[in-house]
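We did not get these values from a lab; they are worked out from the coordinates using the rules stated. Everything quoted here is computed from the prediction, not taken from an experiment. Note that we place each Cβ from the backbone using ideal geometry, even for glycine, and neighbour counts take in every protein chain shown.
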Amino acid sequence: MKLGAWLCTAAVLALAACTPGSDNRPAQQPAGDVKTDVAAMGQVTLTIWDQETRGGQQAQISALNDQFQRKYPNVRINRVARSFDDLRSTIKLGLTGNDAPDIAQVNNGKQDMGAFVKAGLLRPLDAYASAYQWTQRFPESVRKLGSYPDTGDALGEGRLYGLPQTGELVGIYYNKPKLTALGLQPPKTWAEFDAALAKAKSAGQLPIQVGNLEKSAGPYLFSLAMHRFGNADEESKLATGRAGVNWPTDANRAAARQVVEWADKGYLTPGFAGLKGDDAVSKFSTGDGVFHVDGTWITPTVKEPMKDDVGFLLPPEKDGKVTVTGGTGLPWAISSKSKNPDAAAAYIDFITSPDAMKTVATAGNLPVLDADKQAASGVERDVLDAWNKAANSPGLVPYLDYATPNAYEVVTGSVEQLLSKQLDVEGFLGKLQADLDSSRGGR
């Protein structure tokens, strides 16, 4: 899961200064020097930091870790599991410490992976990509979301620094019995979505279950509204901080007004600003809410109590084209301080293999590869089919926190202020633009 808390300490702010990039960066390893025979590596302990803590995530990574250690009894896995927020707030200091993990899941954004690449804290994986044929197995669209140049300033370019295991989409979960009781079908158009929200409200039902205490749900709603009024190419450029696009546009004004309108009409959970995201998922799972906008990582969580009563939709299409926020799960990266990089690479290869993709899907998660080959039904089938459609279209838009080193803080905080009326539409877009201008060195 992408969006999370940002730790801002003096040590973190000084990260690039105290670890001066290329001076610390491991030398590029020739592909021929890679050792892939794990059994011949002797006794190895791999310390791994991950955020696979939800039910389905925990199930699949535990199963894969057990399989790996059975296959290679000379390797012991020292797993450190943290929530996404906790991992993201500790990994910056963890990678600089004497006990840095061998492997860690690292958020793709410039403020995380980009900063770590610039500081020389991650090992480039290109030699391993050649040795394990990741270049052939993973399409460029996936690999570029774990790639940076040594400057760390352009996601999607340069060398490979992380390999993902899962895919992610932010779509619309819906309660099937509630829609049926309202006499409605799952909405396929924006007009049908509008009508469903209005009818749910008039019938005394909560239209959209949402909890924004951690501030991550607000940007999901805003991104959803952007898909209604904008286009995928401009949204992608904004999300990655590319030149030639800016925030104050008619489409983004309409999207901001849409989010405010949902709140003003009472379509969102009362007190959503003080409700935890996980609590909102729990409430939706127990029947409170017709719709819930969230990432596909919650599929196992809602499937367990709701069974076949829950479905998943991509955002309604615009002009016959799908646009949806998503990309990959957090890539798995190797610390530049790892004493066992070859064993670490073998582990990453193992948990992203075709067999591993089956384990990921069996646990109810979305495998980044081979989704069309997985057996599934119900909401899990909905998610796999949605991924197949989105991943093979130009309408898959990155998360908004990839744009600048401060994008997470700025976007989440600004959406919160927009919803609470502390910012009007122009002020909201102005804050996003000011952050973008700052990252570009000013206009």
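Kindly express, to the nearest 10 degrees and within the range 0 to 90, the angle between helix 378-391's C-alpha long axis and the longest C-alpha principal axis of the chain.
The angle comes out at about 70 degrees.
Which whole-number percent of Cα pairs in the chain have a distance greater than 38 Å? Walk me through the numbers on the way to the answer.
On the way: 19831 of 97903 pairs.
Result: 20 percent of Cα pairs exceed 38 Å.
Just to be sure I understand: with springs between alpha-carbon atoms less than 10 Å apart, which residue in 212, 98, 340 has the highest mean-square fluctuation in the Gaussian network model of the chain?
Per the Cα network of the chain with a 10 Å cutoff, 98 tops the list.
Hey, what did region 128-257 get for relative contact order, percent, Cα under 8 Å, at least 6 apart?
Working: 90 pairs, mean separation 16.6, N = 130.
Relative contact order here is 13 percent.
Show me, for region 279-288, the HN-Hα J-couplings you get by feeding each phi into the Karplus relation (A = 6.51, B = -1.76, C = 1.60, θ = phi - 60°), rounded to Hz, glycine and proline as x.
3J(HN,Hα) across region 279-288, in whole Hz: 5, 5, 4, 4, 4, 4, 5, 9, x, 9.
With Cβ to Cβ distances under 14 Å as the rule, what net charge do the other residues near residue 258 carry (K, R +1; D, E -1)?
Numbers: positive: 228, 253, 257, 265, 318; negative: 194, 250, 261, 264.
Computed value for this residue: +1.
Return a whole-number percent for the relative contact order of the chain, with Cα pairs under 8 Å and 6 or more residues apart as the contact set.
Numbers: 837 pairs, mean separation 104.6, N = 443.
Reported relative contact order: 24 percent.
What residues qualify as long-range amide H neighbours of residue 171, i.e. H under 5 Å apart, gap of 5 or more or another chain, H built at 1.01 Å from N?
294, 296
Indicate, rounded to the nearest 5 percent, the antiparallel portion of the DSSP beta bridges found entirely in the chain.
Working: 22 of 35 bridges.
The answer is about 65 percent antiparallel.
Around residue 225, under 10 Å between beta carbons, what's the net of Lys plus Arg minus Asp minus Glu among the other residues?
Numbers: positive: 228, 257; negative: 261.
Its environment carries a net charge of +1.
List, in order, the whole-Hz ³J(HN,Hα) value for each residue of region 74-81 obtained from phi through the Karplus relation with A = 6.51, B = -1.76, C = 1.60 and θ = phi - 60°; use x for Gly and Pro.
Result, ordered by residue: 7, 10, 10, 9, 9, 8, 10, 9 Hz.
Amide H of residue 47 versus every other amide H placed in the peptide plane: which residues, excluding those fewer than 5 positions away on the same chain, fall under 5 Å?
78, 102, 103
Could you work out the relative contact order of region 288-443? I mean the mean sequence separation of Cα pairs under 8 Å and 6+ apart, divided by the number of residues, in percent. If you can, show how the numbers build up before the last one.
Details: 125 pairs, mean separation 37.5, N = 156.
Once divided by the residue count of region 288-443, the mean separation gives 24 percent.
What does the charge count around residue 154 come to, taking other residues whose C-beta lies under 13 Å from its C-beta (Lys +1, Arg +1, Asp -1, Glu -1)?
Once positives and negatives cancel, what remains is +4.
Whole-Hz ³J(HN,Hα) for each residue in region 195-209, computed from phi via Karplus 6.51 cos²θ - 1.76 cosθ + 1.60 with θ = phi - 60°, x for glycine and proline: what do you get?
Result, ordered by residue: 5, 5, 4, 5, 5, 4, 4, 5, 8, x, 9, 7, x, 10, 7 Hz.
Please list, ordered by chain and number, the residues whose modelled amide H lies under 5 Å from the amide H of residue 423; skip anything fewer than 5 residues away on the same chain.
418
Output the pairs from 144/358; 178/283; 188/321; 188/318; 118/237; 318/389 with a Cα-Cα distance over 18 Å in this structure; if there are none, say none.
Values: 144/358 23 Å; 178/283 14 Å; 188/321 12 Å; 188/318 10 Å; 118/237 22 Å; 318/389 15 Å.
Violating the 18 Å limit, Cα to Cα: 144/358; 118/237.
Going by alpha carbons, how many degrees (0 to 90, nearest 10) lie between the helix axis of 407-419 and the longest principal axis of the chain?
10 degrees
Ranking 238, 429 by Cβ neighbours within 10 Å, fewest first, what do you get?
Values: 238 25, 429 21.
Sorted ascending by nearby Cβ count, the order is 429, 238.
Fewest to most neighbouring Cβ within 10 Å: what's the order for 132, 72?
Working: 132 22, 72 19.
By the 10 Å Cβ count, ascending, the order reads 72, 132.
Counting other Cβ atoms within 10 Å, keep those with at most 11, restrict to DSSP loop, and tell me which trypsin sites (Lys or Arg not before Pro) in region 388-434 are left. Walk me through the numbers on the way to the answer.
Working: sites: 389, 421, 431; in loops: 421.
Loop-located and lightly packed - 421.
For the chain, take the longest principal axis of its alpha carbons; what is the angle in degrees between that and the long axis of helix 217-229, to the nearest 10 within 0 to 90?
Compared with the principal axis, the helix lies near 70 degrees.
Please check: in the Gaussian network model of the chain (C-alpha springs, under 10 Å), which one of 40, 333, 407 has the largest mean-square fluctuation.
Looking only at 40, 333, 407, the largest GNM fluctuation is found for 40.
Of the residues 415, 80, 397, which exhibits the maximal mean-square fluctuation in a Gaussian network model of the chain defined by a 10 Å Cα contact cut-off?
Comparing 415, 80, 397 in a Gaussian network model of the chain, the most mobile one is 80.
Would you work out which of 297, 254, 412 lies farthest towards the positive end of the dipole of the chain, given +1 charges on the beta-carbon of Lys and Arg and -1 on that of Asp and Glu, about the Cα centre?
Final value for the positive-end residue is 297.
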